[in-house]
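K.L.:
Quick one: this structure, given as structure tokens, is what I'll be asking you about.
The values are calculated or read from the model by the stated rules, or taken from the named source; none is laboratory data. What you see is a predicted model; the values in this text were computed from it and never measured. All Cβ positions, glycine included, derive from the backbone under ideal geometry; neighbour counts span all protein chains shown. SASA here: full protein model, heavy atoms, side chains in, ligands and nucleic acids out. Shrake-Rupley method; radii C 1.70, N 1.55, O 1.52, S 1.80 Å.
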Amino acid sequence: VYANGKNQGKTDQYGKIGYDYKDKEINKQIAVKAFKKGFEPRERSISLSPKTGKTYSFRLQAIEPIKISVLDDESDNAIDDKKITINGKSYQTDTYGIVEYIPETNKGKLTYNYSGQDIMHYPASGSFDYSLSERYFELKLVPQAVLIIESFYVNISSNDTLPQVKISIDGNNIGYTDDTGMLTVLLSEEQRKDGFNITAFKKGFEKYER
């Protein structure tokens, strides 16, 4: 408890604490603020009574946790073991895809961020406005689209894989197929939705465009 700008200590087992003042302070208005972890701070102004033993009550409201359910946007299944940053602090979803966050107040805004570094879903960020009645939110992550490219050439008897084929997507050089003629490419969310142009080139072979 803080009273008149000074730390008065903690309340006793009955939730009470005394404040001593001099006669010249009678009827003086002072600010009193009460804190307890897991509860919203409460501040009010009181008038120092001329009567001894005057009691002032402070009703602290418990801060309820906020639950964020992280889901796959396509399957609607819960995503466990997923790292999400909330208000700058890292959290990990449980086996049910839930992150539990305890804010400092019962009403406010939280920001979230998913980096997408695990290459399973596209990055996502945003915010939720929470209140006493709004304590549950859903965060849906869009699955990362992967393009698997296989390069080969056709001869008289069979189709043979073709390594070291240069691949470009939307005019950007992506890389070369490996010794087995394979290349895996991560597509952006825009390419996933709107499509893309692909070009394959190797010296001595006709260029492929689509």
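K.L.:
Under the condition of being assigned to a loop (DSSP other than H, G, I, E, B) and in contact with a Ser or Thr (Cβ under 7 Å, 6 or more places away or on another chain), which residue from segment 178-210 is most open to solvent (accessible area, probe 1.4 Å)?
P.N.:
Per the stated criteria, the residue is LYS207.
K.L.:
Return the residue satisfying two criteria in turn: it lies in segment 30-43 and is loosely packed, with under 12 Cβ neighbours inside 10 Å and in contact with a strand residue (DSSP E or B) (Cβ under 8 Å, 6 or more places away or on another chain), and of such residues it is farthest from GLY108 (Cα to Cα). Walk me through how you get there before you give the answer.
P.N.:
Within segment 30-43, the subset loosely packed, with under 12 Cβ neighbours inside 10 Å is 37-38, 43.
Retained after the next criterion (residues that are in contact with a strand residue (DSSP E or B) (Cβ under 8 Å, 6 or more places away or on another chain)): 38, 43.
Values: GLY38: 15, GLU43: 18 Å.
Per the stated criteria, the residue is GLU43.
K.L.:
Can you pull out the residues in segment 86-111 that are assigned to a strand (DSSP E or B) and of a type outside the set (Asp, Glu)?
P.N.:
Listed by number, the residues that qualify are ILE86, LYS89, SER90, TYR91, GLN92, ILE98, VAL99, TYR101, GLY108, LYS109, LEU110, THR111.
K.L.:
For segment 112-169, please list each of the strands (runs of 3 or more DSSP E) lying entirely inside it that holds at least 2 residues being open to solvent by less than 20 Å² (accessible area, probe 1.4 Å) and either closer than 30 Å to LEU183 by Cα or without any contact (Cβ under 8 Å) to a residue 60 or more places away in the chain (or both).
P.N.:
Result: 166-169.
K.L.:
So, one more: List pairs: first in segment 81-106 and at positive phi, second of a type in the set (A, V, I, L, M, F, W, C) and part of a loop (DSSP other than H, G, I, E, B), Cβ under 6 Å, 6+ apart or cross-chain?
P.N.:
GLY97/ILE79
K.L.:
For segment 28-40, which residues satisfy the criterion of being more than 14 Å from LYS10 (Cα to Cα), under 32 Å from the mean Cα position of the chain (by Cα) and not small (Gly, Ala, Ser)? Step through it out loud before you land on a result.
P.N.:
Initially, segment 28-40 is screened for residues more than 14 Å from LYS10 (Cα to Cα), giving 28-31, 38-40.
Retained after the next criterion (residues that are under 32 Å from the mean Cα position of the chain (by Cα)): 38-40.
The answer is PHE39, GLU40.
K.L.:
Separate question: Can you spot a residue in segment 88-97 that is open to solvent by 60 Å² or more (accessible area, probe 1.4 Å) and touching a Pro at 6+ places or on another chain (Cβ under 7 Å)? Step through it out loud before you land on a result.
P.N.:
Of the residues in segment 88-97, the ones open to solvent by 60 Å² or more (accessible area, probe 1.4 Å) are 88-90, 92, 94-96.
Checking which are touching a Pro at 6+ places or on another chain (Cβ under 7 Å) leaves us with none.
Checked segment 88-97: no residue is open to solvent by 60 Å² or more (accessible area, probe 1.4 Å) and touching a Pro at 6+ places or on another chain (Cβ under 7 Å).
K.L.:
Tell me, which residue of segment 62-85 that is more than 23 Å from LYS193 (Cβ to Cβ) and part of a loop (DSSP other than H, G, I, E, B) is least open to solvent (accessible area, probe 1.4 Å)?
P.N.:
Looking at the filtered set, the residue picked out is ILE63.
K.L.:
Moving on to the next point. Across segment 44-61, which residue is least open to solvent (accessible area, probe 1.4 Å) among those that are of a type in the set (D, E, K, R) and within 37 Å of the chain's Cα centre (by Cα)?
P.N.:
This residue is ARG44.
K.L.:
Of the residues that sit in segment 6-29 and are open to solvent by less than 80 Å² (accessible area, probe 1.4 Å) and touching a strand residue (DSSP E or B) at 6+ places or on another chain (Cβ under 7 Å), which one is farthest from GLU40 (Cα to Cα)?
P.N.:
Looking at the filtered set, the residue picked out is TYR19.
K.L.:
Is it the case, given these coordinates, that LYS51 is without any contact (Cβ under 8 Å) to a residue 12 or more places away in the chain and among the charged types (D, E, K, R)?
P.N.:
yes
K.L.:
If only one of GLY38, GLY5 is more than 30 Å from ILE119 (Cα to Cα) and touching a residue at least 40 places away in the same chain (Cβ under 8 Å), which one is it?
P.N.:
Residue meeting the stated conditions: GLY38.
K.L.:
Separate question: Is at least one residue of segment 74-97 within 14 Å of GLU138 (Cβ to Cβ) and aromatic (Phe, Trp, Tyr)?
P.N.:
Yes, segment 74-97 contains a residue that is within 14 Å of GLU138 (Cβ to Cβ) and aromatic (Phe, Trp, Tyr).
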